[in-house]
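Before any comments, here is the structure.
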Amino acid sequence: MTSPKDLENASALTFASTRKDRWRLIGAMAGLAVAAALTAAAVPASAQGQAPHPASPVSAPQRHYLSPLQVASAFYASYNGDLAAGFDRYISKDLVLHGFNGPEDRQAWIKGDLNITAGLTGFKMTVLDQIVEGNRVVTRWSFTGVHTGTVFGIPASGREVTLSGISIDRVIHGQSVEHWSEGNFGRFLDELRGDTPPDTVTPSAK
C-alpha cells in the first residue's frame, strides 16, 4: 500500500524527470536550429532553390577621340614643332594619299616635308582657314622660311620662300585616313631655284 509520503516522493521524481526531459528537448531543438543555419550558409544559393545573382557586367571603357577639327589643327601645328611625331600621331599608317602629283606614298610625303622643314631656316607654318564638314576638314595653309639647306636636291639659295595650298583630311577615330592637297608647288620649286620672285606667290591671309 502506498503511503502519502511515497506519493509525494514519486511526484517529486516525476516532476524532476519531466523537467530534465523538457531541457533535453529544448537543447536538441536549439542544436537542430544551429545546424540548419550552418548548413544554409555552407550550401550554394543554387542548391537552396535560389538562382545566384548574376555578376554585374563590367562595361569596357569607352575611348574618346579628338574631333576632326582638333586632329587637323594639331597636325598642322606640329609643323612648327615635332613634325615626325605629328605624322605618327595624327596620320594613319593606312593613309590614302592624293598629293600634288596624284596618289603618292605616305613615307614619301613624310620624307619630303621633313626635308623642307630642315632646309628652311625660320620655317613657319600658318593655318589661314579651316572648314569642317562631317568628318572632313579643309585647311588653307602657307609656310615660309629662308632656303639655307638642300631641299629636293636644290642647294641653298639664301632666298625667303613660300609655299601655300589647300588640304582636305578625312578623319576617323582620331587620325587622318585620307588626305588631299593642292598648291603652288611648281612655283615653290621655282623660288628655290631663284626663277620666280618670292613676293609673287605670297598668299593672302584674308
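Laboratory data are not the source of any read-out in this text; all were calculated from the coordinates shown. Keep in mind the model is a prediction, meaning the values are calculated, not measured. Cβ atoms come from the backbone with ideal geometry, glycine included; neighbour counts cover every protein chain shown.
Quick notes on this one:
- Within segment 127-144, residues that are over 21 Å from residue 161 (Cα atoms) have Cβ atoms under 8 Å from residues that are acidic (Asp, Glu) in these pairs: 136/169; 137/169; 138/129, counting only partners at least 6 apart in sequence or on another chain.
- Among residues of segment 59-90, those that are within 18 Å of residue 117 (Cα to Cα) and hydrophobic (A, V, I, L, M, F, W, C), counted: 7
- Set 138, 177: member being crowded, with 16+ Cβ neighbours inside 10 Å, on the phi < 0 side of the Ramachandran plot and not acidic (Asp, Glu): 177
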